[in-house]
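Here, each number is a calculation from the coordinates, and none is a lab measurement. Note that this is a predicted model, so its numbers are computed, not measured. So basically every Cβ, Gly included, is an ideal-geometry build from the backbone, and we count neighbours across all protein chains shown.
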Amino acid sequence: MKKYYFIAAGGALGALLRFELKSSPNLFQFSDPLINLALTILFINLLGCLILGSLNAIFSKTERISTDLKLGLTAGLVGAFTTYSTFCKESLNILDAGYLRFFCTYVAASIILGVGAVYLGHLLGHHILHPVGKNLAIRFSLDSN
């Protein structure tokens, strides 16, 4: 049960760190805010990858760190900071195992299907969920904003 507390505490910290970095107006100085946001998210994802890789290397060298703390830092902190780092770690594990073809397919499918799922979710939310919610708000005299 203690491991869940470590994961939750690390997750809260990781989410707060991501929020603060993402909200930082001066991290990049391009005129287009969309480019600034994309570069900030890329920075967060790559930083998360770097941190997760470093932690995994450290943890593989010592038994003195508790499993609960390891989970709190990896699944909690880094997992909430970015899930991209976990994707990259698992991709590297596949490549290290010698599955080059599966690695290429997995990475390509993850990116293409991920973007596709975001687009599908956008369509679903924009064309189905929002109108239903708006109609319910009007019907029950709720604020529709």
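Nearest 500 deg cm²/dmol is fine: what mean residue ellipticity at 222 nm does the chain get from its DSSP H runs of n ≥ 4 alone, each adding -39,500 (n - 2.57), divided by its residue count? Walk me through the numbers on the way to the answer.
Numbers: 6 runs with 104 residues, N = 145.
Taken over the chain, the calculation gives -24000 deg cm²/dmol.
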- request: Taking the Cα centre of the chain as origin, work out the dipole magnitude from +1 charges on Lys and Arg Cβ and -1 charges on Asp and Glu Cβ, in debye rounded to 20.
  value: 260
message: What is the angle, in °, between the Cα long axis of helix 2-23 and the longest principal axis of the Cα atoms in the chain? Nearest 10 is fine, range 0 to 90.
response: 60
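Using packing as a proxy for protection, rank 74-80, 127-133, 87-93, 8-14 so that the peptide with the highest average count of other Cβ atoms within 10 Å comes first.
Values: 74-80: 22.6, 127-133: 11.0, 87-93: 15.1, 8-14: 16.9.
Going from most to least packed, we get 74-80, 8-14, 87-93, 127-133.
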task: Sequence neighbours fewer than 8 away in the same chain don't count; with that in mind, list the lysines whose C-alpha is under 30 Å from LYS61.
output: LYS2, LYS3, LYS70, LYS89
Stokes-Einstein translational diffusion, the chain - Kirkwood Rh over all Cα pairs, 1.567 mPa s, 4 °C, in µm²/s: 71
